[in-house]
Amino acid sequence: MHLLKLGKYEFHSRFILGSGKFSLDLIKAAIEQAGAEIITLALRRVNLGGLENILDFIPKNITLLPNTSGARNAEEALRIARLARELCKSDLIKIEVIRDSKYLLPDNFETIKAVELLAKEGFTPLPYMYPDLYAARAMRDAGAAAIMPLGAPIGSNKGLQTREFIQILLDEINLPIIVDAGLGTPAQACEAMQMGVAAVMINTAIANAGDITTMARAFKLAVEAGRTAFLAKLAPQAEFANASSPLTGFLRD
């Protein structure tokens, strides 16, 4: 299959682990069972010299994707990104700018400004955003390497509630589109991949599963199936019934 390209970086896996609900079992399952090559990392998880530093448990061959979790505006996102680059030695950065503590929706306006600031400093910015065409265009023009729209509110497991808006981004934005939040089942991840998104990010759906290891494996299979179906080009839907074996001429003399 074609590689997932994010700026100058290339990956085989299209499953990305979000580490908001961090546990060693989750990281192990995501890497070994789901084939994750990218794991997001909130800076507050990095406790250099501490007893539980998440970096101690992520293999060196896994790409870290630091995020600007906690930023309320573009300037705070820039400060967090600079610290993340020092600690993680990577210019990949997921931009999260969230001012609302109730709904946890990203602030698209401040995110656009953050993309521009970070791109100018040599980062490879991947902005988390509410799926809006105008905002996505502005982020692309400001230097985003991919666009990461939410499928549903963070941690809700409600699936592709923004499906129609994500489809618009797929049709109009010539960048990888990564569904970032809200996917709750392997079927929903498969549906997103069938649409043509470049990758999906999963955290809560696996972290809160009864069997983390088996669920991680299920998501891997779903992502691969959805991607394969997209590449195969899905058969179009018909408005009316259409017999797969037409009876024309059947039993004629």
(message) Anything in the range 158-182 that is open to solvent by less than 50 Å² (accessible area, probe 1.4 Å), among the β-branched types (V, I, T) and without any contact (Cβ under 8 Å) to a residue 60 or more places away in the chain? List them, or say none.
(response) T162, I166, I173, I177, V179
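If you go through the range 49-78, how many residues are in a helix (DSSP H, G or I), charged (D, E, K, R) and either modelled with pLDDT of 95 or more or open to solvent by less than 90 Å² (accessible area, probe 1.4 Å) (or both)?
Looking only at that region, the number is 2.
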(message) Going by what's in this entry, would Y128 be described as in contact with a Ser or Thr (Cβ under 8 Å, 6 or more places away or on another chain), on the phi < 0 side of the Ramachandran plot and either surrounded by fewer than 24 Cβ atoms within 10 Å (Cβ to Cβ) or not β-branched (V, I, T) (or both)?
(response) yes
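Could you check how many residues of the range 183-192 are out of contact with any helix residue (DSSP H, G or I) (no Cβ under 6 Å at 6 or more places or on another chain) and either within 16 Å of Y128 (Cα to Cα) or crowded, with 22+ Cβ neighbours inside 10 Å (or both)?
If we filter the range 183-192 for residues that are out of contact with any helix residue (DSSP H, G or I) (no Cβ under 6 Å at 6 or more places or on another chain), which is where we start, we get 185, 187-188, 191-192.
Checking the rest, the ones that are also either within 16 Å of Y128 (Cα to Cα) or crowded, with 22+ Cβ neighbours inside 10 Å (or both) come to 188, 192.
So the count comes out to 2.
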(request) Specify which of the listed residues (L87, L83, L117, L104) is among the hydrophobic types (A, V, I, L, M, F, W, C), open to solvent by 20 Å² or more (accessible area, probe 1.4 Å), over 18 Å from I173 (Cβ atoms) and not in a helix (DSSP H, G or I). (result) L104
(request) Assess whether M148 counts as being touching a strand residue (DSSP E or B) at 6+ places or on another chain (Cβ under 7 Å) and either more than 16 Å from G226 (Cα to Cα) or of a type in the set (F, W, Y) (or both). (result) yes
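The values are calculated or read from the model by the stated rules, or taken from the named source; none is laboratory data. Model, not experiment: these values are computed from the prediction. Ideal geometry is used to build each Cβ from the backbone, glycine not excepted, and the neighbour counts take in all protein chains shown. Protein only, heavy atoms only, side chains kept; ligands, DNA and RNA dropped before computing areas. Shrake-Rupley method; radii C 1.70, N 1.55, O 1.52, S 1.80 Å.
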